[in-house]
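Structure record follows, encoded as structure tokens.
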Amino acid sequence: MDWSFIEANYLLIGLALASGGMLLWSFVNESGGGNKVNVTDATLLINRHDAQVLDVREPDEFASGHIVSARNLPVSKINDRLGEIHKLKEKPLILCCASGIRASKAASVLKKNGFTALHVLHNGVNAWKEAGLPLQKGRR
């Protein structure tokens, strides 16, 4: 077997393997337990389907600015506080954090606990803010 191609292009081959691995990782990591929704779809869910917003950031992050009427339920305490949101199991829920990573994790936990209508705000509160939509400060 002639190894000259591999020897001459090892950097290119390494780059191709690394980018393929990153693409696969983003696909696997992004799925979570809920549908990704953009800001427009989230506002439609809130206005037309009475979707509840669960902000899974920590309390200090929540207090610095959150979606109006959002409820704070930190992902770090979600298993301990499932009873607080049990009545929302079949209602549409929009989960948000700063960027969407923690919200996806929370969606996976909620899905395993029987929640059915889960949506993750794509790019989180950052996207909401960039769209110029209102944020409320304080702990509510």
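A compact table of results
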quantity	calculated
Some residue of the stretch 81-97 being more than 13 Å from Lys36 (Cα to Cα), among the basic types (Lys, Arg) and loosely packed, with under 13 Cβ neighbours inside 10 Å	yes
Test: Ala106 is buried (at least 19 other Cβ atoms within 10 Å of the Cβ), among the small types (Gly, Ala, Ser), within 13 Å of the chain's Cα centre (by Cα) and closer than 22 Å to Asp41 by Cα	yes
Ser31 vs. criteria of a type in the set (S, T, N, Q) and either modelled with pLDDT under 95 or at positive phi (or both)	yes
Close pairs (8 angstrom Cβ cut-off, 6 or more residues apart or separate chains): of a type in the set (D, E, K, R) in the stretch 111-128, surrounded by 14 or more Cβ atoms within 10 Å (Cβ to Cβ) anywhere	Lys111/Gly33; Lys111/Gly34; Lys111/Leu118; Lys112/Gly33
Residue ID - surrounded by the fewest Cβ atoms within 10 Å (Cβ to Cβ), chosen from residues in the stretch 63-80 that are touching a strand residue (DSSP E or B) at 6+ places or on another chain (Cβ under 6 Å) and closer than 20 Å to Leu45 by Cβ	Val68
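The values are calculated or read from the model by the stated rules, or taken from the named source; none is laboratory data. Note that the coordinates shown come from a computational prediction; the quantities given were computed from them, not determined experimentally. Note that each Cβ is placed from the backbone with ideal geometry, even for glycine, and that neighbours are counted across all protein chains shown.
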